Amino acid sequence: MGGGEPLIWLQGLRKTYNAGLPNEEEVLHGIDLSIQPGEFTALIGPSGSGKSTLLNNIGLLEAASAGSYHLSGRDVTGFNDDERTYARHAVLGFIFQFHHLLPAFTALENVMMPGLIGQRRGAGIDGGRRPATDLRARATTLLDAVGLSKAYDKKPQELSGGMQQRVAIARALVQEPQLVLADEPTGNLDTATSDSIFALLRRFNREFGTALLIVTHDPRLAERCDRIVELVDGRIASDRANVVSQS
Amino acid sequence: MTALGFELTVALRFLREGRMQTALTVGGAGIGVAVIFFITAVLAGVQADLISRVTGAQPHIVVKPPEETVAPLIAGGVGLPRIFSLQARPQRLTTIDGWQSLLQTVEQTPGVRAVAPVASGSALGIKGDASRSVLLLGTELERYLRVVRLDDKISAGVLQLGPGDALIGIELAKDLGAVLGDRFRVQSAQGVSEVFRIRALLDLGSRELNRRYVYTDLRSAQSLLGIPGRVTNLDVSVLEMMKAEEVADRLRTQSGQLIEDWIQTNTFIFSAINNQNIMTTLIKVFISIVVVLGIASVLVVSVVQKRKEIGILRAVGATRQQMLRVFLWQGIMVGVAGALLGSVLGYLLIVVFSHVLRDAEGQALFSLVYDVQLIGIVVLAAAALGLLSAALPARNAARLDPAQAIRG
Ligand SMILES: Nc1ncnc2c1ncn2[C@@H]1O[C@H](COP(=O)(O)OP(=O)(O)OP(=O)(O)O)[C@@H](O)[C@H]1O
Ligand SMILES: [Mg+2]
């Protein structure tokens, strides 16, 4: 990859929780990191090292305490909650460890949800909105692509863990984001299911050029990424390119 | 799913998901609304009954010539409501100058429903050997019926007041030994007399009135009382009874005549009704507060239960404002559903109790007037209360930190 404008560019990013309180704690101690469009990166590190915190900061779910953050060439460091929400909606997708689907909605509705959220909103940072029919088509295409063409109308509770995670992947991709953040997406799945989920992420990365940043504890899966960033105690301990044997 | 938009879709789905919780809050709100409906209907019925009983054949407002100073007499014992003057009037009746134009002025005064010219004075009713002192009241029937409802006071006969026709109280008929269709003679203090045919027997709501009232056409009364072309008073009805005092004040400043309103002459009943209204308003306010607290507490719990879902929605791009509206909608929908349920329950309560609650004469105490406009108002009010209930929970939902919510 290289060259071009980085999709994510962090400089000296710090995150402090409970600032000003007796239990104040700095979790990220100055992170410098950039990610190029289309990169397939693993984020590894011991428990409590700050992986989820870093992911949440990149995902604009929370704001950094210090340092700067450029997303797609735009400085988003000082963004307020609404601006962060709009930017998140336009550029980013999320996959969490525990699927985090909405139990009251069907698989298809869960996938459509990000589109529905943006439907009646002013243009904002999102830019143009897309028509509802287009949204449904994109959602069904994605559910078909993750192998759930028969599960459109199933509620999450009726699906296995692996199937739920496939729905979550489809939902993360429905707005055609530039970067998908996945926090232990295979964390509570068995090996075979993990492998298939991982293969799916890889496929979308290759097909759509979507960049992925995947937190994982599984060294086997990390070795299948193009780049491995290791976080220890809130600092980047290593950052190396990884040559993947084509599978 | 896409037609309703994000907020309404999610709000509906959250409510549906919380089945039991939703059913209980809607039920609670519904019972509150039903009770409010019921109290309103019963009270309106009871008060209308009370007022018509006490003021029955009395106009809301009487316009009299200014010189007249006949004090109203207290009919019955202590604590009983006052009735308009029934006392024998002085020989020379005072009359209203230029009553035709005054009638028009009064008619056009805001709050006035109808006006009727009246020539009244005391006289004797005579049939055979029997003679009784009566109050002769001559008027134009068509106008008078819009001031005082005589149509629901007919005991026998039909309302008809051509020359030579009379409508009299049922007790008076008994005292004179007369029946419907009989003729009897009226002799005035001025010595004039005329024969009338009894066209209807009236039950005017009190024995005193039933023994004394004789209605005739205006012209006959005028000639009997020796005041041709003149009237002794104008009888007025207002649009809102409880506001008769305001209208009376308006007439007072406008006409320069002596104005008596029913509230003046029935202070006791007016204040009783007023106090009743204050009490029931208080009760309604408290019921509303309980309903608001009920909806609010369930929604507060719901926000806590839905913490993770709120976090997910925020993560996939919902703004704080959107989350706020998701919960405001829930409050509105619970309120409206409660109001609709309450309207049905309230209607049933009214149906059931209209058979149980009866007045002294066994008549239903309130009528089954089910006001569609009232339902509209209640539904709107309930939507507003629902919105109010949801304010705090919705704020909690909007303030939730998505990163925290998703972590666990
Ligand atoms: N909201 C918070 N308030 C205070 N401290 C927090 C908060 N969130 C995380 N932390 C702390 O920050 C540190 C890093 O947490 P984080 O969840 O980022 O680690 P992680 O690398 O994702 O760990 P794991 O592999 O167990 O998921 C931990 O010590 C945690 O206790
Ligand atoms: Mg973590």
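Quick notes on this one:
- Any hit, the stretch A:50-65, residues being of a type in the set (Lys, Arg), within 15 Å of ligand 1 (Cβ to nearest atom) and surrounded by 21 or more Cβ atoms within 10 Å (Cβ to Cβ): yes
- Only one entry in A:Ala104, A:Ala19, A:Ala42, A:Ala90 is at negative phi and either in a strand (DSSP E or B) or in contact with a strand residue (DSSP E or B) (Cβ under 6 Å, 6 or more places away or on another chain) (or both), namely A:Ala42.
- Among residues of the stretch B:379-407, those that are open to solvent by 70 Å² or more (accessible area, probe 1.4 Å) and touching a helix residue (DSSP H, G or I) at 6+ places or on another chain (Cβ under 8 Å), counted: 7
- Selection of the stretch A:193-204 for residues being open to solvent by less than 10 Å² (accessible area, probe 1.4 Å) and not aromatic (Phe, Trp, Tyr) yields A:Ser194, A:Ile197, A:Leu201.
- Looking across B:Val290, B:Val300, one residue alone is away from chain A (no Cβ under 14 Å), closer than 26 Å to B:Leu12 by Cα and more than 32 Å from the chain's Cα centre (by Cα). It is B:Val300.
- With respect to being assigned by TED's automatic domain parsing to the domain that holds B:Gly338, among the hydrophobic types (A, V, I, L, M, F, W, C) and not in a helix (DSSP H, G or I), B:Ala318 fits the description.
- Within this structure, A:Gly161 fails the test of being open to solvent by 20 Å² or more (accessible area, probe 1.4 Å) and within 16 Å of ligand 2 (Cβ to nearest atom).
The rows are residues; the columns are (1) within 14 Å of another protein chain (Cβ to nearest Cβ); (2) under 30 Å from A:Gly115 (Cα atoms); (3) open to solvent by 30 Å² or more (accessible area, probe 1.4 Å).
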| residue | (1), (2), (3) |
| --- | --- |
| B:Leu251 | no, no, no |
| B:Ile259 | no, no, no |
| B:Ile278 | no, no, yes |
| B:Val285 | no, no, yes |
| B:Ile295 | no, no, no |
| B:Gln305 | yes, yes, yes |
| B:Leu341 | no, no, yes |
| B:Leu345 | no, no, yes |
| B:Leu349 | no, no, yes |
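- Each residue in the stretch A:2-23 was checked for being within 16 Å of ligand 1 (Cβ to nearest atom) and of a type outside the set (Phe, Trp, Tyr), and 11 pass.
- In the stretch B:261-276, the residue that is least open to solvent (accessible area, probe 1.4 Å) out of those that are polar (S, T, N, Q) and in a helix (DSSP H, G or I) is B:Thr265.
- Residue pairs meeting the criteria (Cβ under 6 Å; at least 6 apart or on separate chains; first away from chain B (no Cβ under 14 Å) and of a type in the set (Phe, Trp, Tyr), in the stretch A:30-52; second away from ligand 2 (no atom under 14 Å from the Cβ) and outside any helix (DSSP H, G or I)): A:Phe40/A:Leu212; A:Phe40/A:Cys225; A:Phe40/A:Asp226
- Residues considered: A:Thr77, A:Thr53. Of these, the only one that is of a type in the set (S, T, N, Q) and within 14 Å of ligand 2 (Cβ to nearest atom) is A:Thr53.
- Tally of residues being of a type in the set (Gly, Ala, Ser) and in contact with a Gly (Cβ under 6 Å, 6 or more places away or on another chain) across the stretch B:323-357: 4
- Pair list, Cβ < 8 Å and 6+ apart or interchain, from the stretch A:213-231 residues that are within 14 Å of another protein chain (Cβ to nearest Cβ) and within 16 Å of ligand 2 (Cβ to nearest atom) to residues that are open to solvent by 10 Å² or more (accessible area, probe 1.4 Å) and of a type in the set (Ser, Thr, Tyr): A:Val215/A:Ser52
The values are calculated or read from the model by the stated rules, or taken from the named source; none is laboratory data. In this text, all values refer to a predicted model and were calculated from it rather than measured experimentally. As a convention, Cβ positions derive from the backbone with ideal geometry for all residues, glycine included, and neighbour counts pool all protein chains shown. Just so you know, the surface numbers come from the protein's heavy atoms only, side chains and all, with ligands and any DNA or RNA stripped out. Shrake-Rupley method; radii C 1.70, N 1.55, O 1.52, S 1.80 Å.
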